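Rule-based calculations on the coordinates, nothing more; no lab input. A quick note: this is a predicted structure, and the numbers were derived from the prediction, not measured. Virtual Cβ from ideal backbone geometry, glycine too; neighbours counted across all protein chains shown.
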Amino acid sequence: MGIRLKILLAFVLCFGVMAGIGLYFLQRSVNESYGAIEGAEVVANMGRVEQSLEASAVSLKNQTKDWAIWNEMYRYALDPDPNWVVENIGDDALAPADISMVMVFDLNGRLLNINTEKTNGVNLKILTPQITPYLNHIRSNLREAQCGIIRIDAGLMLTCWSGIFPSDATGAPVGTVLMGRLFDSKRLTIMREQTKLPFELSVQAQMPGGVQAWPTPLSPGLVGSGGFWAVSTPEVYHLFYPVQDILKQNVGLISLDMPRSVQQQGLMLYQQVRRQLGWTALFMTVVLGLVLDFILIRRLRRFAKQIDVLEEHSTWKTHIDIGGQDELGVVAKNFNTLLDLVHSQVEGLRESVEAKEGAIKLIQATQAQLIESEKLAQLRQGRVSNLLDNSGQGFLSFGRDRVIDPEVSRACQTMLACSPAGHDAAQVLFGDDPVKADLFHEIILAVRAEPDTDIRDSMLSLLPAEIQRGEILLNAEYKALEDDRFMVVLTDITEERRLHVMLQRERSRLELIVAAVSDTRNFFASVEAFREFLARGLPHRLDADVAADVLAKTLYREIHTYKGVLSQFGFIHTPARLHEIETQLTGSDRPTRESIAEIVSPSVLQARFNADLAVLTEALGPDFLENGERFVLSGEQAEQLEKMALKLLQGKAVDSASPEVRRLLNAMVTLRNMVLKDVLTGFDGVLRQAARRVEKNVAPIDVVGGEDIWIDPRQYKAFLHALGHVFRNAVVHGIESPDERRATGKNEAGKVVCRLALEKNRIRLSIADDGAGIDLDALRQRAVAVGICTDDDVRRMSDGEAIRLIFRDKLSVRDTVTELSGRGVGLAAVLAETQKLGGEVEVITSSGKGTEFLFDLPLQQCAASEVLFFRHHRLNKDAGLVMRSIIGKTRAYFESEYQIEVADAYAGGGALESLNLLDMTAVIGLGGGVDLRVAFSFQESLVDAVYERMTAGFNDAPEDVGKHREAAIGEVLNTVLGHCTIDLQHLDRHGISMTPPIILGRGQAILSENGAVFHTQELNTPRGRLAISLVGSREIFVTNLDSTK
Amino acid sequence: MEMSALRVLVVDDNPIITRKLCMMMDQIGYRVVMTAADGKEAILAYKECLPDVVTMDITMPVLDGIEATRIIKRAYPDANIVMVTSHGQEKMVLDALKAGAKGYVLKPFQPQKVFEVIEKACKRVVLQDKLSAKLDHDHAPSEATESADAASDASGEAR
């Protein structure tokens, strides 16, 4: 709907409303005013009607009054004369006065006269019963002339009456005169003409329904009370005036129909106005429309059209122009502003879009650049990788998680025999060695936690510098990088090492040769011992009926010992082979006898040994080895010997108490000494031989104890030889045949057990078999048979005495004489030799269980040789290791620091009661897995030497000398052990601790407590002796000594 | 008194070694301000004289060197402590380094090695000395003595 229409509609609406309201008010006022007019008219009209009646009444009243005071009337009343009546108030007198009736009454109310008019010659009938009430009323109201209506048969009649008074009107009435005028149609018509109102007077009429009392009644008159009723229609007012008679009774009704002309007029006016308004409205609307169109709509349309242009040309840069300063103009202006705003926004957006496009291009360009740089970086990386890969060194790096980064130089693959990238560094580098891997891990963590670069470097220097990967030996350098990263640089030094090793080998060869030549005694002892081992010891072991793992352990111990000793002397191939065997033995999980034999492979070992010996024969000639033991004395020793010999030759005494002499002499006998255990173990061969001969089964000999009992074999030679008989006897006589043994529920293989113990310098040797025991009865009989004893004697003998018969010559239970037995000489020899040594022998037998020989021999004092140290094959390998390490380091220390050569040594040990010390002793405890105390006991002269060298350069005050001497030897021990712990650190992953040194002076000893065991090695130097003792709990040193307990 | 004389605390339970080290320090040109014979003494001595560097033995009675190092370092994080000991095990060295030692010399030691290790551990202090020496030298040489004294007082306080 157009705006024009809207506006017009609005206008029309307003106008309509306005007009409506106006018309409404107009109508009301019109109604009011015309109503008023009408009302007045009605009242006026009714008044007129009433007036006419009143007027009639008045005239009648006057007439009456006149008559009332008529003297004639007075007289008549007093004296009625009917002639007078006819003359004066007869029927004829009525008409001119327009009277319908006259009545005269006398004083008493008696009717005197009545005259009425005639209608159509008929007198009016008045005197009816009806008028009686009237007459009564009249008679009572005579004071003054009154009028009123009465109803008679003919209709309503106006009546006036008065009392007849004398002409002066005083006194009492003498009678009543009554006059009447009948409102007949003639008179009514006249009245109508007079009033010009068409009213009706109806008798006894009732008012119709629906009438309402007129608000403004007339004043009461003789006709009525004044009030009248009306009912109206739009055209006519129906008025009704009730007529009352003198008795105030309604007797009739005046009705008047009044046309409402005023009303009609008013209505017409109203309608006219309305019509006028309508036309005006229409006219105004049209005008308004035109005006609007001109002033507003056109401009709006122009506005719209101009906007259309925008759409056509799609541009924001345009302006609307419609002129005018009014609101429309403001709108147009604002619209223009809006257009400008939009335009600028659009421009702005365009710019930002352009900018964004520019940015995108830039990003794309940058991306392209990045790709370029990436390519370049890759290229560079390739070059760097190339460099690294061709460097021949292995580079790898790892970060916090210890996983090796993928950037690894190619050489790593060959070096580590795997692709290290992505694996754990510790695993790759030290996979086979958990100790090293652990250390690696610990050090890396410590370095990470340490901010100081110097300390970091120190820590890194602790990492293993060499890594063995199969055949390849790698040198490893470690560097800490930023970000908790580490780099490892590996260099293949296999060749280098091989050369080095070769050089070493050469050196070793030379050493071997030199050792053979210079330390011949010990050298040959070692050679001899090893030969023995190869020839007898090893095969024996392999043949022995022991469990495979026990065998492996045993062999390992022995081989380890020999390896140490031989390498000490510079043997080349043999120690290497021994090491291989060692490794293989420890490496094999479930060894079997066969596998062990294969690993050990005596033939190979022999070949190697020969190879080493070949070096010597090559260099020193074939005779060298043949000539066997040589004894090399140091110059000093030779000199001393010479001196001693001279003295002896000169007949002078040699001071055998002098320590030097003792030393020398001891040195002489040193070599031959052997461990008793080994000696007895050697009898295994005897057992075997015997067993084979008599077809019996014998288990390998068991020797318990005796590892620490050293003897000079020569001293015991005869005894030992005789001892063979005991063993042979055990097999031949003691142990039963396999069948017999089976029958009695014993093991098929008989067992011979030797037990050795050292008690207060006496050797207790027990040789026991589990055979059938000695048949004492048979023995007794034999003795009698042979003639040694009498019947009586044997009967008298106790079992204990009887058994000693076996020691008698010529006594043998066997009848036949064989190679092995029968001569009866054997055991007798045993007894003899035992007694020769100063010992005793006892025999215990138990029938069916076995026989035991118990020997009690004195221990011949001897000094054991260091070189037999290796025969301590039952020594805990750690103690042995400790001792070897100490000796080695001591040698090195003295030689490098003091240029004091350490040579010769003898060893001793066992369950000694006390350790006799030399002049000054320093003791340090080693903790951790070692748990030993080490005592360095110095001879005074050696202490001097040490003190001199240590305090060289500063002068000690005399009071400090003693303290410093102690400090000096303490320091020696401390330094040596400190170096040893490096060798031993694998024994305890937490490291081996050391206590500060304690110094013991002359006269003090270390006593054996709680079963402590010592092992001592004495070292000799040109400046004095040094005794190195390991003091430990028994368990460390010995395993089987107390097995019988 | 030379300005570059490092102040040294020598800790060892062996009087001979202590003596030797003191002599060595003199030779090098350092100044031994105090000696101690066990870990506890070492801690007290450090507190008292606040040396530039400490030579510490490991095996000592009462309190061992590693523990003493740890305690001193906790109280004085800048302490320069060098272990001079016969304990060669890598485990021990690592423990000492972890406890805060800056260097490690194995007995028997060469003076040169000791010197190297100490110099390395104390390079900060040494550099400071060298720097102040140089500065003073660059100032009017005629006033060398005066400024030398003044600077030594200052650096003495700074230590």
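For the reader, a short list of remarks on this structure follows.
- Short-range pairs are left out: with C-alpha atoms under 8 Å and at least six residues apart, the relative contact order of chain A is 6 percent.
- Of the GluC sites (Glu not before Pro) found in the stretch A:308-339, no site is in coil according to DSSP while having at most 11 other Cβ atoms within 10 Å of its Cβ.
- Pairs beyond 23 Å (Cα-Cα), from B:Lys98/B:Lys120; A:Lys647/A:Lys717; A:Lys125/A:Lys186: A:Lys647/A:Lys717
- Averaged over the residues of B:52-58, the number of partner chain Cβ atoms lying within 10 Å of the residue Cβ comes to 1.
- Cα lying deepest toward the dipole's positive end in the protein assembly as shown, options A:Gly705, A:Leu1026, A:Ile900, charges on Cβ: A:Gly705
- Per-residue [θ]222 nm for chain A (sum of -39500 (n - 2.57) over DSSP H runs n ≥ 4, rounded to 500): -16500 deg cm²/dmol
- For A:Pro996, net neighbour charge (Lys/Arg +1, Asp/Glu -1) across residues whose Cβ lies under 10 Å away: -4
- Candidate aspartates and glutamates for bridging to A:Lys65, where Cα separation is under 18 Å - those fewer than 8 sequence places away on the same chain excluded: A:Glu54, A:Asp98, A:Asp106, A:Glu144, A:Asp168
- Computed magnitude of the charge dipole of the protein assembly as shown (debye, nearest 20; Cβ of K, R +1, Cβ of D, E -1): 2480
- Over all distinct Cα-Cα pairs of chain A, the Kirkwood formula returns a hydrodynamic radius of 46.5 Å.
- Compared with the dominant Cα axis of chain A, that is its longest principal axis, helix A:776-786 is turned about 10°.
- Label separation (A:Ile788 vs A:Leu649): 5.3 nm, computed from points 7 Å beyond Cα along the C-beta direction.
- Alpha carbon centroid spacing (whole Å) that separates the stretch A:685-701 from the stretch A:270-293: 162
- Among the GluC sites (Glu not before Pro) in the stretch A:445-535, those placed in a DSSP loop whose Cβ has at most 11 other Cβ atoms within 10 Å are A:Glu471, A:Glu482.
- Phi angles across the stretch A:397-408 convert, under the Karplus curve 6.51 cos²θ - 1.76 cosθ + 1.60 with θ = phi - 60°, into 3J(HN,Hα) values of 9, 8, x, 4, 8, 6, 8, 6, 5, x, 7, 10 Hz, Gly and Pro given as x.
- With contacts taken as Cα pairs under 8 Å and at least 6 residues apart, the stretch A:198-316 reaches a relative contact order of 20 percent.
- Arranged from fewest to most other beta-carbon atoms within 10 Å of their beta carbon, A:Cys980, A:Cys754 become A:Cys754, A:Cys980.
- Charge context of A:Phe430, other residues only, Cβ under 13 angstrom, K/R +1, D/E -1: -3
- Within chain A, percent of DSSP bridges classed antiparallel, to nearest 5: 95
- For the stretch A:362-450, the set of GluC sites (Glu not before Pro) satisfying both a DSSP loop assignment and a count of at most 13 other C-beta atoms within 10 Å is given as A:Glu407.
- Taking the C-alpha atoms only, the angle from helix A:602-620 to the longest principal axis of chain A is near 60 degrees.
- Cα long-axis angle, helix A:327-390 against chain A (0 to 90 degrees, to the nearest 10): 10
- The mean number of partner chain beta-carbon atoms within 10 angstrom of a residue's beta-carbon across peptide A:946-958 is 2.
- Exceeding the 25 Å Cα-Cα cut-off - candidates A:Lys553/A:Lys746; A:Lys436/B:Lys73; A:Lys677/A:Lys760: A:Lys553/A:Lys746; A:Lys436/B:Lys73
- Its alpha carbons considered, the stretch A:20-69 gives a radius of gyration followed by a Dmax of 20.6, 69 Å.
- Computed magnitude of the charge dipole of the stretch B:1-91 (debye, nearest 20; Cβ of K, R +1, Cβ of D, E -1): 120
- Test item: A:211-217 mean partner chain Cβ contacts at 10 Å: 0
- Dipole axis of chain A (+1 Lys, Arg; -1 Asp, Glu on Cβ), positive-most option in A:Ser409, A:Ser56, A:Leu292: A:Ser56
- Under 20 Å from the Cα of A:Lys61 - lysines, other chains or at least 8 residues apart: A:Lys248
- Charge dipole (chain A, unit charges on Cβ, about Cα centre) - positive-most of A:Ala544, A:Leu127, A:Thr159: A:Leu127
- Gain on full extension, evaluated as 0.36 nm per residue between A:Val435 and A:Glu235 minus their Cα-Cα distance, stands at 57.9 nm.
- Over the stretch A:375-482, relative contact order from alpha-carbon pairs under 8 Å, at least 6 apart, %: 15
- Highest average first, the peptides B:39-52, A:948-961 ordered by how many other beta carbon atoms sit within 10 Å of their residues are B:39-52, A:948-961.
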